[in-house]
Structures are given as C-alpha cells and as structure tokens.
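Here's the structure, in structure tokens; my notes come after.
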Amino acid sequence: MDSITGLPRTLRGFTVIWVVVDKLTKSAHFIPGKSTYTASKWAQLYMSEIVRLHGVPLSIVFYRDARFTSKFWKGLQAAMGTRLYFSTTFHPQTDGRTERLNQVLEDMLRACALEFPGSWDSHLHLMKFSYNNSFQATIRMTSFEALYSKCCKSPFCWDEVGEQRLMGSKLVQSTNEAIQKIRSCMQTAQSRQKSYANARRKDLEFDVRDKLFLKVAPMKGILRFERRGKLSPVLKYVPDPSHVMDYEPLKIDENLSYAEQPIEVLAREVKMLRNREIPLVKALWQNHRVEEATCEREDDMKARYPKLFEE
C-alpha cells in the first residue's frame with residue numbers, strides 16, 4: 001500500500017490516490033481520496049473497495065504514514081487478523097512494486113491532466129482497467145488473467161479482419177477513446193521508466209565483508225546540479241579503518257520488513273481533560289531513533305506490551 005498526494009484538485013475535491021497492489025497477481029486498485037480524510041474514512045474505503053472484492057489479506061506492507069499508523073487502523077487490522085509490516089528505509093524491495101506503479105501512474109496522470117483537465121478522478125477507473133488488463137512481465141500474463149484465468153474484454157471489440165466495431169452509443173465511443181489515450185500514455189510511461197532503470201542498472205557483484213561507501217545527502221527533496229567546467233578526475237579509494245562506521249544491525253524479516261515493537265519508555269505525563277486524567281507514555285520503538293518516539297496511552301501499552309513495564 002502507498003499513496004500519491006499533492007495532486008491537482010478535481011471538481012469533486014480529490015487530491016490523493018491510494019494505491020493498493022496484490023503481491024501475487026499484481027492487480028492494482030486506484031482509490032481517490034481527500035487529504036482531510038481521517039483514519040476512519042480510509043478504513044471505510046478499505047472495507048468497500050478491497051475487502052468487499054478480495055476478502056481480508058493475511059498481511060499488509062506499507063510505508064510509515066499517519067493515516068495507517070494510527071491506533072484505529074492498527075486495531076481494525078488486529079481485529080481482522082491481518083499482520084502489519086512497515087517498509088524499511090532505502091529498501092524498495094519491500095514494496096518496490098507499488099513504488100514502480102506509482103511512477104507509471106504519475107506519468108499517466110500528467111497526460112490525463114492535459115487531456116481531461118480537472119477530472120482525472122473520473123477516468124481513474126479506466127486507468128485501473130488498462131493497467132490490470134496489460135501484460136505483466138513478472139508473472140508473464142495480465143493481472144486479470146491471473147485473477148480470472150482469462151483477459152477481460154474491452155468496451156470495444158474487433159472482428160476477424162481486425163476492423164473495429166463499436167458496441168452501442170456515444171458512451172461506448174467516448175469510453176473507447178479514453179481507454180486508447182490512457183493505454184498510449186501507460187505504454188509511454190512504462191517505456192520511460194524502463195529506460196531510466198536500465199540507465200542506472202549496473203552489473204555489480206559483492207562478496208561477504210566487502211567494504212562500501214554509503215552515500216547520505218544532508219538535504220531532502222529534488223535538487224538540480226549544473227556541471228560547470230572540467231570534471232575532477234576520479235580517485236581510487238584506498239581502504240582506511242577510520243572510514244568504517246559502526247552501526248546497529250536491523251532485525252528485519254526475510255521480505256525486508258519489520259513489525260513494530262517498543263523497547264523503552266522514555267517519559268511519562270498526564271493529560272488533563274474536563275472530567276478525567278489520561279496517563280501517557282513516550283515510547284521508543286525498535287529500529288527507530290529517539291526523535292521518532294511516539295506518545296501512547298499508558299493503559300493501551302500495558303495491555304499490548306506488559307513486559308515493557310516489568311521492573
């Protein structure tokens with residue numbers, strides 16, 4: 001699961017797309033939403049758009065997001081028996097399929113914003129159909145074929161000599177034209193992403209205990225650098241023990257994901273309401289820095305993690 005935010009506002013006020021991808025069949029759902037939606041609203045969409053069609057998943061992998069790390073969302077998934085996993089930083093293998101799909105979908109949305117200004121949400125179901133009915137190299141078939149054992153028919157059909165024959169009125173014709181435009185945009189986006197990936201891909205082999213440089217940029221966001229003058233020569237690296245950085249190994253699963261687990265209570269406080277007091281604790285979570293500690297209700301934490309409060 002992942003989400004695309006900051007999109008142009010449509011006439012119905014949508015600015016977010018929730019992307020849900022099935023790991024087995026690679027089928028995808030594109031669910032429009034608003035930035036003001038609460039966790040309860042997203043849970044309603046989850047039940048109506050995902051559980052209604054596919055049932056309850058065994059596990060979900062998603063990035064840390066306030067919409068999906070809330071107590072309401074965690075409690076809902078725990079009640080349904082679904083395990084929650086969070087992707088680790090700099091490891092797109094965890095949910096890389098969603099990341100690649102987001103890139104393709106964003107390219108399609110740019111084209112649709114030009115073709116259908118202010119109404120990309122009205123064509124989102126056609127993007128979903130075109131994507132799920134297109135060939136997936138990973139499974140060597142379409143997502144519809146993996147789900148239903150056959151490809152789904154488009155709103156238009158072809159006769160034996162390949163001549164197009166529209167079924168019906170202007171609605172079918174307009175839908176046909178929209179699907180053709182979206183399919184063309186999707187093929188263009190997929191080709192562009194493939195060329196980008198191939199340009200950066202290198203055949204490298206590493207052995208156990210090989211030393212590497214870890215590139216960490218202090219700035220965030222997209223930056224543009226200009227090349228001025230002659231590039232400096234590339235220097236050969238000479239191993240130096242002082243360059244080796246100490247690190248704490250992460251406890252992650254085989255699929256490069258991890259389950260949230262508190263390891264320490266950093267502080268306690270009491271929140272005063274009108275008629276009652278609510279004790280809170282500041283919890284430090286495994287595989288997270290102190291700056292990422294969260295405030296939780298003490299009674300909830302004692303019920304879920306009793307060993308954390310044993311002295």
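Remarks
- Count of the range 98-122 residues which are surrounded by fewer than 21 Cβ atoms within 10 Å (Cβ to Cβ) and modelled with pLDDT of 80 or more: 1
- Total residues in the range 21-71, condition within 30 Å of CYS295 (Cα to Cα), modelled with pLDDT of 80 or more and of a type in the set (Lys, Arg): 2
The values are calculated or read from the model by the stated rules, or taken from the named source; none is laboratory data. These figures come from a predicted structure and were not determined experimentally. Neighbour counts are summed over all protein chains in view; Cβ atoms, including those assigned to glycine, are modelled from backbone coordinates with ideal geometry.
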